[in-house]
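Chemist: Below you will find the structure I want to go over with you.
Please treat every number below as a calculation from the coordinates, not as lab data. Computed from a predicted model, the values in this text were never measured in an experiment. Note: ideal-geometry Cβ built from the backbone for every residue, glycine included; neighbour counts use all protein chains shown.
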């Protein structure tokens, strides 16, 4: 059996042998070797280089680029609604379908409007017949007035004769001469009075006939006015009938369609929307970034839906106010709890027409965009614009000199 001294010697030997799972630094310390700092120095150096590179990149981009991720594709979205109430009888479009201005999107049941049109047409026909009757009545009254005028002339002639007879009999029957009897003189005077009264009656009859002419003419004009009113109502009814055909107001594609056969719609109710292909970018730049932005500058655009494809647009215009001013409840900076916040100003950026044609249907309103403006490219663009303007001015001066 091994002695106690031999066992202690073996344990010392085993403790001197390094374990394969032990930490190298611990092994080094166990072996009496100093720890190495090369790896720590290397890692620290790499971190310092990365930080310097990131800082340099940030400094370079802050002085040479203006960019924002708060940008999106915008476009004209036209809501389509019905102008009258009715029940949908036909739906002639489908989701995402391309339509042209004037294409029929849906049709409503035209029965009610058709009945209204026929009713007004019948009223117009009846009123026009009343106008014809009024014309006949006017002709009859004119004839009666003519007859009354003739009777007035006849009464005037009889009055003249009666007056002459009365005067003649008055000359023949005096205190010195009794060539006629008193009865004959009285009869002549009575005949003259009767003729005078008859003439007055005839004149009244003629005046009444003329008044009937005016009344009949006024009645006819009223009927004609009613015809005109009914014709205007007919135009309105025909227009209402035409509103049963819901048409596309512009060229574009159908979106957000909520229209189905049998659905009852009300005036102003949105049934679908038409999105035009002419889109642009609305980029909300910080107010501190606007100093270097100008209309016409080239802008590099990256659309999230088109990874790896960079588009080049142009700064078109700037919003007349910040986005906060167009909010439903603008902030009241007159209060005591004012906190200064960097505002965002919408900037409209347009695409190239060739890019819009190439990506037709791929760029739709609402897509997220990253907009970036290179100030170096802006300087080159401004120099090119100045050279082009100078060339145009020189050409214009040369043309003036030639003339």
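Chemist: Specify the inter-centroid distance of the stretch 387-403 and the stretch 229-272, based on alpha-carbon positions, in whole Å.
Modeler: 55
Chemist: Something else now. Distance in nm between label sites at residue 362 and residue 153, each 7 Å beyond Cα in the beta-carbon direction?
Modeler: Output for this residue pair reads 9.7 nm.
Chemist: Between residue 183 and residue 142, what FRET efficiency follows from the Cβ-Cβ distance if R0 is 56 Å, with the result rounded to 0.05? If you can, show how the numbers build up before the last one.
Modeler: Details: r = 45 Å, r/R0 = 0.80.
After rounding to 0.05, the efficiency reads 0.80.
Chemist: Right, another one. So how much slack lies between residue 292 and residue 310, counting 0.36 nm per residue of separation and subtracting their Cα-Cα distance, in nm?
Modeler: Working: separation 18, 0.36 × 18 = 6.48 nm, distance 2.18 nm.
Full-extension gain reported as 4.3 nm.
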